[in-house]
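Values in this text are rule-based calculations from the coordinates and carry no lab data. Everything numeric in this text was worked out from a predicted model, so none of it was measured. As a convention, Cβ positions derive from the backbone with ideal geometry for all residues, glycine included, and neighbour counts pool all protein chains shown.
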Amino acid sequence: MTTISPTTSQISPATERVYHQSNLLGDWKGTWANTSRPVEFKVVNIRGDKAQVEYTHDGHTERGLADVSGATITFGNVTIGTRNGSVAAFEFSVSGAKKTATLNKQAATTDQNKLVGTWNGFSTSSGKSASFTVNSVDGRDAVVSWTVDGVAHAGTGTVYKNTVMFGRAQVTSDDGKTGTVVLQVGNISYPIPVTKYVPPSTSTAVNKLA
């Protein structure tokens with residue numbers, strides 16, 4: 001399938017905190033509940049209230065700009081929404097007729113997966129703890145959030161090899177399991193060893209659209 005060349009996603013920190021729109025980014029696949037026919041929906045990027053998408057059904061692919069509203073994306077007669085970024089509810093509605101599907105997000109490339117996730121750790125030498133979340137990676141850009149000393153930050157970071165940099169903090173990992181968060185406070189750098197949080201098995205229950 002021919003794909004759209006991705007461009008940088010632009011999700012405001014405030015919107016990300018409330019709706020976690022970065023969870024919608026990616027390739028979603030599943031089958032219609034009533035026919036078991038395959039359906040695929042790809043969210044290439046989100047820029048404000050518009051998303052660049054690809055919608056494939058019945059062997060046909062439609063591409064274009066969709067409308068973003070809160071935690072859902074609507075493209076023509078279809079709407080997708082997710083709460084956990086792994087399983088999505090998908091609905092087709094026209095003239096009172098509806099059909100639904102449960103879609104699962106497909107794994108991204110290995111390189112992207114290494115940094116995506118939540119990294120937590122504590123430094124015994126400095127007494128500082130940190131939580132750094134890489135929500136998604138799109139080329140050289142990453143949607144991130146981090147908390148240190150009880151203060152939360154969020155925005156778009158920069159990806160360079162195995163490191164995501166954001167403001168005065170960065171996270172680095174070679175194996176995607178353990179890594180280091182470095183905090184810059186004044187002229188002093190505080191390295192904090194971190195490990196990636198591994199969530200329990202995700203439920204495949206259908207999510208209700210927000």
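Mean projected area of the Cα convex hull of segment 13-105, taken over all directions, amounts to 5.6 nm².
What is the packing order of peptides 138-147, 154-163, taking the mean over residues of other C-beta atoms within 10 Å and listing the highest first? Provide the component values of the computation, followed by the final result.
Values: 138-147: 20.5, 154-163: 16.2.
In descending order of packing, they fall as 138-147, 154-163.
Rg and Dmax, both from the Cα atoms of the chain and both in Å, are 18.5, 64. Taking every C-alpha pair closer than 8 Å and separated by at least 6 residues, the mean separation divided by the residue count of the chain gives a relative contact order of 16 percent.
Percentage of Cα-Cα pair distances in segment 51-173 greater than 23 Å, rounded to whole percent? Value for segment 51-173 (Cα pairs over 23 Å): 47 percent. For the pair Val151 and Asn104, label points projected 7 Å from Cα toward Cβ lie 4.2 nm apart. Size of segment 110-195: Rg and Dmax of its alpha carbons, in Å, are 11.7, 35.
Springs between Cα atoms under 10 Å define the GNM used for the chain, and in it the highest mean-square fluctuation of Gly81, Gly186, Gly150 occurs at Gly186. Counting only lysines at least 8 places from Lys98 when in the same chain, those with an alpha carbon closer than 22 Å to its own are Lys29, Lys42, Lys208.
Evaluate E = 1/(1 + (r/R0)^6) for Tyr197 and Ala33, where r is the Cβ-Cβ distance and R0 equals 35 Å; express this FRET efficiency to the nearest 0.05. All intermediate terms of the calculation are to be shown ahead of the outcome.
Working: r = 32 Å, r/R0 = 0.92.
Calculated value: 0.65.
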